[in-house]
């Protein structure tokens, strides 16, 4: 990774961690009732507290986006995905804003500390021991950008880059377990890594999170694989993430990255709404065995995808 890019990402990650720390410390006594994840949902998503329960290593548990204008982001995502309220830490705490839909915490928005930083979504993967995960990342050829850093009693986070340069987060749960809702409209549904070098990244994620890699290129119609937790059947219903290979259809300057998907009730209507809100369409709606999806950019340039899983033959379990 370019040293300048590494320094900027490290500054971005440190700022995010500081915002989280301040936010949670400031809200510890006033928002306790809506912060914890219901046990049934935690068991379903594999994001249980490491202090009291087991944890499924490598399951996506959180996502946030760094934006130049958080208030504009609230308006865009609030209307597009139905995020009905935000818990804003205020200027003193960096304006890190947690988003809620139906009273459940579904994602967060944070201001970029430096205008040169990327405007992008970041996905965080569960770890039972962030320090041990950091060691595996280094041993497998990845880079630690920041951390591990304790965020009060709420958990420990780190930011890293895989051998292909894709940036991701790791979250060791304390009392904050991550998504309080997922797989339903307006909430996180899926993530895919887009990489130039599958031969380098597949062994990396297998070593770091214990994933098994399953090639589903024939079914997908493009070079594609899914990752499942160790010991799980290699079926789409058990997958926690996907891996796509970029080819000559992608500009060579496009960096490796994770694409975050949000579930919606109607993909085409969501695309029309995004355009009305001054977003952009990066990939027109198309059907897959798992649902109808489109790739969008918000009005500040952060890429994400939306998917209507009811339109796929495998139903909502896929998301």
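Among the helices (runs of 4 or more DSSP H) confined wholly to region 116-220, which include 2 or more residues that are touching a helix residue (DSSP H, G or I) at 6+ places or on another chain (Cβ under 7 Å) and modelled with pLDDT of 95 or more?
130-139, 198-209
Please list, ordered by first then second residue, the pairs with beta carbon atoms under 8 Å, 6 or more apart or interchain, first in region 264-277 and assigned by TED's automatic domain parsing to the domain that holds residue 305 and in a helix (DSSP H, G or I), second modelled with pLDDT under 95 and surrounded by 14 or more Cβ atoms within 10 Å (Cβ to Cβ).
Matching pairs, first to second residue: 267/291; 267/311.
Looking at residue 201, is it assigned by TED's automatic domain parsing to the domain that holds residue 298, touching a residue at least 24 places away in the same chain (Cβ under 8 Å), within 30 Å of residue 252 (Cα to Cα) and in contact with a strand residue (DSSP E or B) (Cβ under 8 Å, 6 or more places away or on another chain)?
When the stated conditions are applied, residue 201 passes them.
Only residues that are modelled with pLDDT of 95 or more and surrounded by fewer than 15 Cβ atoms within 10 Å (Cβ to Cβ): list them for region 221-267, please.
Answer for region 221-267, where residues must be modelled with pLDDT of 95 or more and surrounded by fewer than 15 Cβ atoms within 10 Å (Cβ to Cβ): just 265.
Taking residue 74 and the conditions (1) modelled with pLDDT of 95 or more; (2) surrounded by 20 or more Cβ atoms within 10 Å (Cβ to Cβ); (3) outside any loop (DSSP other than H, G, I, E, B), which numbered condition does it fall short on, given that it satisfies the others?
Status for residue 74: all satisfied but (2).
Of the residues 164, 141, which single one is touching a strand residue (DSSP E or B) at 6+ places or on another chain (Cβ under 7 Å) and within 22 Å of residue 255 (Cα to Cα)?
One residue alone meets the criteria, 164.
The values are calculated or read from the model by the stated rules, or taken from the named source; none is laboratory data. As the structure is a prediction and not an experimental result, all values here were calculated from the model. Here the Cβ is made from the backbone with ideal geometry for all residues, glycine too, and neighbour counts use every protein chain on show.
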